[in-house]
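Where a number appears in this text, it was derived from the coordinates with a stated rule and is not lab data. Since the structure is predicted, the reported quantities are computational estimates derived from the model, not experimental observations. Cβ placement follows ideal geometry from the backbone for every residue including glycine, while neighbour counts extend to all protein chains displayed.
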Amino acid sequence: MTDLERLESLKTALGGSIVEITNPARRRIFVAVDRANLAAVMTTLRDRLGFIYIATISGVDAGEAYEILYHMADAHGNVNIRTRVPKADGHVTSITPIIPGAIFYERELQDMFGLVVDGLPDPRPLIMPDDWPAGNYPLRKDWKFERPAEIIPGGKK
């Protein structure tokens, strides 16, 4: 399947859910969707276009909003679904019921950005230590690293 054929099949399947669609490189397509349509888009990708593999989910602190990218892959290339989540309302719907492999990536979004993933079957922290201070999210632009005091047994304090 060529990139042009893939673009057309995405446009046909997703229709009005698409905010923007681009093909910046061979075998790589980016589709921007509104977060309210995310679950429907992911269901369509799975059921009508055969996308069952999620390579990863990544996030970016984009100032007033978080941008979340769902990297889907198949034999023909990558389709990246992009959605924006306003910082004032940091909620996004879980896609784990649709693509079960997303669970660890969604838990990571919660740990690293403080986003709330609604409907996530297991919302426990995944990456951060048990004693990690609440409200500290290391991938936010406003996060400041404070080096802990080093304590060497028998050494200087």
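Some notes on this structure:
- Dipole magnitude of region 16-129, debye to nearest 20 (Cβ charges: Lys/Arg +1, Asp/Glu -1, about Cα centre): 400
- Karplus-derived HN-Hα couplings along region 24-30 (A = 6.51, B = -1.76, C = 1.60, θ = phi - 60°), whole Hz, x at Gly and Pro: x, 8, 4, 6, 9, 10, 10
- Normalised by the number of residues in the chain, the mean separation of alpha-carbon contacts (under 8 Å, six or more apart) gives a relative contact order of 17 percent.
- Dipole orientation for region 3-118: of the candidates GLY77, THR56, GLY101, GLY77 has the Cα lying most toward the positive pole (charges on Cβ; Lys, Arg +1; Asp, Glu -1).
- Cβ-based net charge around ARG82, under 9 Å, with every Lys or Arg adding one and every Asp or Glu removing one: -1
- Folded to 0 to 90 degrees: helix 38-49 orientation relative to the chain principal axis, Cα: 50
- Folded to 0 to 90 degrees: helix 3-14 orientation relative to the chain principal axis, Cα: 80
- Positive-end extreme of charge dipole, region 3-118 - chosen from THR43, PRO86, GLN110 (charges on Cβ): THR43
- Summed side-chain charge close to LEU69 - residues other than LEU69 whose Cβ falls under 15 Å, Lys, Arg +1, Asp, Glu -1: -2
- CD proxy at 222 nm, helix term only [per DSSP H run n ≥ 4: -39500 (n - 2.57); per residue of the chain; nearest 500]: -7000 deg cm²/dmol
- ASP34 long-range amide H proximity, modeled H, under 5 Å: VAL19
- Surrounding net charge for ILE103, when Lys and Arg each add one and Asp and Glu each subtract one, Cβ distance under 11 Å: -1
- Nearest 10 degrees, 0 to 90: helix 103-113 Cα axis against the chain principal axis: 50
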